[in-house]
Amino acid sequence: MQHQVERYPQLEVHLDKLRENLAALKQCCQRSCIDICGIVKAFHGKLEVAQLYEQAGLSSIGSSRLEQLKELKQAGFQTPMFLIRIPMESELRDVVEWTEYSLQSEWSTLEQLNAITQEYQKIHQVVLMVDLGDLREGYWDWEELVQVACRVEAMPYVKLAGVGTNLGCYGTIQATPEKMEQLVQVAERVEHTIGRKLDILSGGASTSIHMILDGTMPKRINHLRLGECILLGGIWGCEMEFMHKDVFTFHTQVIESKVKPSYPVGELSVDAFGHVRTYVDRGNRRRALLAAGRADYGEPDDLLPREAGIKVLGASSDHTILDVHDAARTIEVGDVVSFDLCYATLVYLSNSRNVHWRFSDSDHTKVRE
């Protein structure tokens, strides 16, 4: 009789908790007349997870990775797809073929998009991005944006759906009611010029969700692009007590457990990534070695051990070193150690071919590599 073997390192997704997070957040946003574009990038657009977004009835599904949206379309998803990263010229045909919406900030790209949509005889909707100070994508000159909006309005197959902004991802600029009011001002300039109301005023990503919770979001903002707060039940600086924080769990298996000195022995140099490290001499300690490293999850400091008394000491590409001396149990070879995740570790893990996926539900558990 063949026995099923658990595979590690493993990323477990608690589908029941994600389903509840989606329902709770959708209800919260509906009270403020906010449509949700559910972002699937952080879990690599996995079908088993993304299907909950479609079942939740979100207004659209979005990603910065076009290939993820293409895979969902090919799998039969009916929810409109939204590319939330300004497209490259080389991928515009795929944008038209596989998505209904995209963010845009360059007239030359829009011209090419227009030519392709006419060739396909297919309507594609665009949201023009405004840079409100975070200094990533978007028009800095509001008058230039208004002029471009007028040109788009005249296009036969490219529809101007609205305007949007992004805050916090590069320049660490906070999303505030004042910033959202600026977005409304830009939208009203566009509306005055083209003679109609815009369908979408997209007020950013999860960094804007606090304004929904505290009631400070300006009424005209009607759209958010949300990923992190759905998947992790909150975001830095914004506690969402009604959401599950443990939708994702990272499990790893111990490959070595030994008592060793806590301070390296020999002449110090740099680590595998060229960094100079510092160490604290705490005497001999039990250390556990894990078969996953920075190539899988990024920064070791972002791993959050579930068990008290376990500390992440560091990592190389393929190994993670833990201090387990003060753990409540003796950590031995073959034991599994589990971690909570932040957004960055989730993005890295979901893109690692070394990581196996497990999908758990309240009624059943399914395992797939």
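The values are calculated or read from the model by the stated rules, or taken from the named source; none is laboratory data. Just so it is clear, the model here is predicted, and its values are computed rather than measured. Here the Cβ positions follow ideal geometry from the backbone for every residue, glycine too, while neighbour counts run over all protein chains shown.
Observations on the structure shown:
- Condition check for I86: farther than 27 Å from L11 by Cβ, assigned to a loop (DSSP other than H, G, I, E, B) and in contact with a strand residue (DSSP E or B) (Cβ under 9 Å, 6 or more places away or on another chain): yes
- Residue that is assigned to a loop (DSSP other than H, G, I, E, B) and closer than 26 Å to K245 by Cβ, where the choices are A344, A272, A288, A292: A292
- With respect to the conditions (1) aliphatic (A, V, I, L, M); (2) within 15 Å of the chain's Cα centre (by Cα); (3) in a helix (DSSP H, G or I); (4) closer than 20 Å to V158 by Cα, V95 falls short on a single one, namely (2).
- Of all residues in the stretch 2-47, those that are at positive phi and surrounded by fewer than 20 Cβ atoms within 10 Å (Cβ to Cβ) total 1.
- Test: residue in the stretch 69-84 that is under 18 Å from E228 (Cβ atoms), surrounded by fewer than 22 Cβ atoms within 10 Å (Cβ to Cβ), without any contact (Cβ under 8 Å) to a residue 40 or more places away in the chain and under 19 Å from the mean Cα position of the chain (by Cα): no
- Listed by first and then second residue, the pairs with beta-carbon distance under 6 Å, at least 6 apart or on different chains, first residue in the stretch 292-314 and aromatic (F, W, Y), second surrounded by 13 or more Cβ atoms within 10 Å (Cβ to Cβ), are Y297/T345; Y297/Y348; Y297/L349.
- 2 or more residues more than 24 Å from Q30 (Cβ to Cβ) and not basic (K, R): qualifying strands (runs of 3 or more DSSP E) within the stretch 121-220: 124-130, 158-165
- The stretch 217-234, residues that are in contact (Cβ under 8 Å) with a residue 60 or more places away in the chain and under 16 Å from the mean Cα position of the chain (by Cα): L224, R225, L226, G227, E228, C229, I230, L231, L232, G233
- For the stretch 139-158, filtered to residues that are surrounded by 17 or more Cβ atoms within 10 Å (Cβ to Cβ) and not aromatic (F, W, Y), the residue that is farthest from C238 (Cα to Cα) is M155.
- Odd one out for S59 among (1) among the polar types (S, T, N, Q); (2) assigned by TED's automatic domain parsing to the domain that holds V95; (3) modelled with pLDDT under 95: (3)
- Only one entry of G76, G38, G45 meets the criterion of being modelled with pLDDT of 95 or more and closer than 21 Å to I212 by Cβ, and that entry is G38.
- Long-range neighbours under 9 Å by Cβ, at least six apart or interchain, first residue in contact (Cβ under 8 Å) with a residue 40 or more places away in the chain within the stretch 112-127, second loosely packed, with under 14 Cβ neighbours inside 10 Å: N114/P156; T117/I123; T117/P156
- Looking only at residues of the stretch 263-310 that are surrounded by fewer than 16 Cβ atoms within 10 Å (Cβ to Cβ) and touching a Pro at 6+ places or on another chain (Cβ under 7 Å), we find that the one that is modelled with the lowest pLDDT is Y279.
- Here the condition is being surrounded by 16 or more Cβ atoms within 10 Å (Cβ to Cβ), hydroxyl-bearing (S, T, Y) and either in contact with a Gly (Cβ under 6 Å, 6 or more places away or on another chain) or without any contact (Cβ under 8 Å) to a residue 40 or more places away in the chain (or both); of T172, T165, it holds for T165 alone.
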